[in-house]
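Taken together, the values in this text are just the output of simple stated rules run on the coordinates, not laboratory data. The structure presented is a predicted model; accordingly, all values stated were derived computationally and were not measured. All Cβ positions, even for glycine, are placed from backbone atoms using ideal geometry, and neighbour counts span all protein chains on display.
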Amino acid sequence: MIAAALGSLLAQASDWQAPEIDWHAIAPELVLIVGINIVLGLDLYLDTSKKWMMSLVTGFVLLGAFVPIVTLAAIGDDVRSMFDGRYVVDEYALVLKGLFLLVGYVIVLLSQTELEEGGYYQGEYYLLLLASVLGMVMMASSRDLVSVFVALELLSIPAYMMAAWRKRDRKSNEAGVKYYLLGVFASGVLLYGMSYLYGTTGTTKLTDIAAALDGDNLLSMQVIAVVFVIVGFGFKVSAVPFHTWAPDTYQGAPTPVTAFLSVASKAAGFVALLSMLFVGLYKANDVYEPFLWVLAALTMTVGNVLALRQTNIVRMLAYSSVSQGGFILMPLAVMATGDAAESALKSVVIYLLIYAFSNLGAFAVVIAVSRKTHSGEISSFGGLMSYAPGLGALMTIFLASLAGVPPLGIWIAKLLSFKTLLDAGGTAASTLAVIAAVNTVIAAAYYVRVMREMWMKPVPDGDITPIVTPQPVSLALAICAAGTIVLGIAPGLVLNFADLHDLTSAFGG
């Protein structure tokens, strides 16, 4: 019997062929992996006085990973599928990989001066940042439950440690612990839901899961699985009521890390949710659409109402980030209704792209101003236009964009989200549109409050000494301002992504 079993294994081994790997398609991941090893090696051998080089190396690695994305995009619309369709590089994946790499580069610029002046460990920080970005890049191409979960943990675990990077700061320690504990709980819920999906469909491949699900006759375990998966990703995107970690973590973490979590980590969570909903769970719309409708309405409303009460600008931006997540969830709540599928995908991707520029820009201004005021209170921005008119004007642009004021960035993203609701039609979509419109007005109130401090209030301590902005922060501000203004004035640059149909074609949409 043993001999027969061994013979069978040998026969299977002789028939086995190594999977074909498209090295060009996975070049961004390979560059990041090589870069992680270079940063690790340099950190071991560089003298403390030369640790400033770590930021330069990390920046070059991220820009280097961007090169193959450009070359892949220039080739055309070819969909490159590997590992039996479990890892896919298409137009959708390339756009989001580019977003993650660009956000990572801006975070390096924002972190450089703070790490050098604060005496923090630089090598380990940049190593963790690259590892987290690698997880995000992998997430954009993952089309399998296992690869989605591995990518999610790869991006999350470094972020837990980065949140507590100011280890002598009590608030930073609290931020890291809260983020870690709630993150682990959410991962457990997500994995539980994924195990139910695998158990009831017999596969981990998203397209096969979609084929196995019967939307009209879902098993009770499959309903639970869909709910648990959405709850797990709801934590990553800080959707209400799974947002409780966000305000304390954002306030306690170093400001560049807060910017990273509010943009890149949130975007990665939405990317994973998009892949799950569009490729694997699309037929279960009777389960996830009502759930996402409630999450979207609660997230934008609770986030806005709590943001109105904040006196700390980082905490206000944290609740603003929660509210923006509600607007991004809004198209997904009606994605399988009417003709809204492709419109929903386009609106979410474009929202993530533009939101990244505006939100990162706002945090960059906060970093620059706090170097002088040493305060995170909104009142510390009083009279900013009188002694730092450049920073005041930039902050006005970023806040106006977040509020959805034309012709700045996010107005086109919000317009597309409302268009998705119109494409869906029906009472549920109309009601959600009304809730979103009311919340747009509420959000404008706390953004305008900060503008009023900058433009109309006196300087709190009378000190009108100009602010000296470090060069890396100035470059980050320039990138964010250019993205916010150009994409708002020339929305056609982002509307070109209207043909992002690769995910919808996976289920024949």
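Rounded if a/c is under 1.5, else prolate if a/b is larger than b/c, else oblate: which is the range 292-509, with a ≥ b ≥ c the root eigenvalues of its Cα gyration tensor? Taking the square roots of the gyration eigenvalues as a ≥ b ≥ c, the range 292-509 is prolate.
Each label point was placed 7 Å from the Cα along the Cα-to-Cβ direction; for N37 and V486 their separation is 3.5 nm. Evaluate the relative contact order of the chain (contact order divided by residue number), counting alpha-carbon pairs under 8 angstrom at least 6 apart; express in whole percent. That works out to 14 percent. Compute the label zone of M221 within the range 119-158: residues whose backbone N is under 18 Å from the point 7 Å along Cα-to-Cβ. Backbone N within reach: 145-146.
Taking other C-beta atoms within 10 angstrom as a stand-in for reagent exposure, H243, H24 fall in the order H24, H243, fewest first. Along the axis of the charge dipole computed for the chain (Cβ charges of +1 for Lys and Arg, -1 for Asp and Glu, origin at the Cα centre), the listed residues A340, V148, A164 are led at the positive end by A164. A simple charge model with +1 on the Cβ of Lys and Arg, -1 on the Cβ of Asp and Glu and nothing else charged puts the dipole of the chain at about 1560 debye relative to its Cα centre. Listed by chain and number, the aspartates and glutamates whose C-alpha is less than 20 Å from the C-alpha of K51, apart from same-chain residues fewer than 8 away, are D43, E114, E116, E117, E124. Residues whose amide H comes within less than 5 Å of that of E377, counting only those at least five positions distant or on another chain, are I313 (H built at 1.01 Å from N in the peptide plane).
Please report, in debye to the nearest 20, how large the charge dipole of the range 180-326 is about its Cα centre when each Lys and Arg carries +1 at its beta carbon and each Asp and Glu carries -1 there.
On the way: 6 positive and 6 negative charges, 97 e Å.
My answer is approximately 460 debye.
For the peptides 103-115, 80-92, 423-435, the ranking by mean Cβ contacts within 10 Å, running from highest to lowest, is 103-115, 80-92, 423-435. Centre-to-centre, using Cα atoms only, the range 469-485 and the range 205-263 are separated by 31 Å. This model, with +1 at the C-beta of Lys and Arg and -1 at the C-beta of Asp and Glu, gives the range 292-509 a dipole about its Cα centre of some 480 debye.
For K51, K97, which order do you get if you count the other beta carbons within 10 Å of each Cβ and list the fewest first? If you can, show how the numbers build up before the last one.
Numbers: K51 18, K97 27.
Fewest to most other Cβ atoms nearby, the residues stand as K51, K97.
Residue order for R315, R371, fewest other beta carbons within 10 angstrom first, comes to R371, R315.
Stretched out straight at 0.36 nm per residue, the stretch from V305 to S195 would grow longer than its current Cα-Cα span by 35.9 nm. By the gyration tensor of its Cα atoms, with a ≥ b ≥ c the square roots of the eigenvalues, what is the shape of the chain: rounded for a/c under 1.5, prolate for a/b over b/c, or oblate? Taking the square roots of the gyration eigenvalues as a ≥ b ≥ c, the chain is oblate. When the C-alpha to C-alpha distance is required to be over 18 Å, the pairs from K266/K419; K283/K414; K346/K414; K205/K236 that qualify are K266/K419; K283/K414; K205/K236.
Under 1.5 on a/c is rounded, so check that first for the range 411-456, then, if it is not, pick prolate when a/b is larger than b/c and oblate when it is not; a ≥ b ≥ c are the square roots of the alpha carbon gyration tensor eigenvalues.
Details: a/c = 7.41, a/b = 2.60, b/c = 2.85.
Cα axes put the range 411-456 in the oblate bin.
Inter-part distance, the range 157-196 to the range 267-310, computed on C-alpha centroids, equals 21 Å. For D144, the amide hydrogen comes within under 5 Å of the amide hydrogens of L206, counting only partners 5 or more places away or on other chains and with H modelled in the peptide plane. Look at the dipole of the chain built from charges on Cβ: of P331, I467, A433, the Cα furthest out on the positive end belongs to I467.
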